[in-house]
Amino acid sequence: PSTVYFGGNRLLKSTNRGDDFYPISPDLSTDDTVRINVSTKTTGGVTRDATGAETYGTITTISESPIRPGILWVGTDDGNVWFTTNDGGAWTNVTKRFPGVPAKTWVSRVEASKFDTATVYVTFDNHRENDFKPYVFTSTDFGKTFHSIANNLPSDGVSFVHVIREDPHNRDLLFLGSDVAAYVSANRGATWERFMAGLPTVPIHDLEIHPRDH
């Protein structure tokens, strides 16, 4: 409970509840100096988006394996996905293993599986480049290969994805939040259906599955 991870351009770790942090990775971003300079210097730090969406070179999502501490996955706002199996002792870059995803696409979520250490889920959000398609992937071999599980998710409108979560009790049950709806899959992404019929058309930026309710 005293361990905390924090993302900058490097991954930082604290073992005393955040009193001290130290880096456990190199720079995991693309270190694209042109994009960084435009967002932080050319504009004086004033961007077109109040969320800082044009400030690149930053880790946006971190997931530690619930099964084995030290297995960590991270994604960045300029398209990189990395993992380590020894708490930052060595890192593996799997960025180029996502078929069909444009380079430097914002990684919106990584989700390490609760059922085995080799499985992970990754979503991407490329709407900043006028690409609104859902990018949803999984790997079951420690990132050696990834395959899309977007399948029947809508792709003809504003369908980009913010978050994916795995149920803590049923490994086949996945939940997903897009910019307009929530979805659920009972077969690990083979098919999806709209979730919560009464939910209005709103962005779903995050989801938490309560472990109490099966």
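The values are calculated or read from the model by the stated rules, or taken from the named source; none is laboratory data. The shown structure was predicted, so the numbers you read here are calculated from the model rather than taken from an experiment. Note that we place each Cβ from the backbone using ideal geometry, even for glycine, and neighbour counts take in every protein chain shown. To get the accessible areas, we keep the full protein, side chains included, count just its heavy atoms, and leave off ligands, DNA and RNA. Shrake-Rupley method; radii C 1.70, N 1.55, O 1.52, S 1.80 Å.
Straight-distance candidates among the lysines for linking to residue 41, with alpha-carbon spacing under 28 Å and chain neighbours fewer than 8 residues away dropped: 104. Annotation for region 1-43 versus region 180-198: alpha-carbon center distance of 33 Å.
Between residue 17 and residue 129, residue separation times 0.36 nm minus the direct Cα-Cα distance comes to 36.6 nm.
Could you point to the label whose value was computed as Cα Rg over 2.2 N^0.38 Å for the structure here, given [x] 1.13; [y] 1.07; [z] 1.02? The listed entry that was calculated here is [z]. Applying a DSSP loop filter and a limit of 13 other Cβ atoms within 10 Å to the trypsin sites (Lys or Arg not before Pro) in region 123-214 leaves 144, 212.
Normalised by the number of residues in region 1-154, the mean separation of alpha-carbon contacts (under 8 Å, six or more apart) gives a relative contact order of 15 percent.
Residue 14 exposes around 0 Å² of accessible area when a 1.4 Å probe is run over every protein chain in place.
The charge dipole of region 121-190, taken about its Cα centre with unit charges on the Cβ atoms of Lys, Arg (+1), Asp and Glu (-1) only, comes to about 160 debye. Dipole magnitude for region 1-157: computed about the Cα centre from +1 point charges on Lys and Arg Cβ and -1 point charges on Asp and Glu Cβ, it is near 140 debye. Per residue, the chain exposes 50 Å² of accessible surface when a 1.4 Å probe is rolled over the protein heavy atoms with every protein chain present.
Within a straight-line Cα-Cα reach of under 16 Å, residue 144 can be paired with the following lysines, leaving aside sequence neighbours fewer than 8 residues apart in one chain: 96.
Considering only 192, 6, 66, the residue lying farthest towards the positive end of the dipole of the chain is 66, judged by Cα position with unit charges set on Cβ.
Once every DSSP H run of n ≥ 4 in the chain is given -39500 (n - 2.57) and the sum is divided by its residues, what mean residue ellipticity at 222 nm do you get, rounded to the nearest 500 deg cm²/dmol?
-500 deg cm²/dmol
Could you tell me the distance between the Cα centroids of region 93-121 and region 72-92, to the nearest Å? Value for the Cα centre distance between the two parts: 10 Å.
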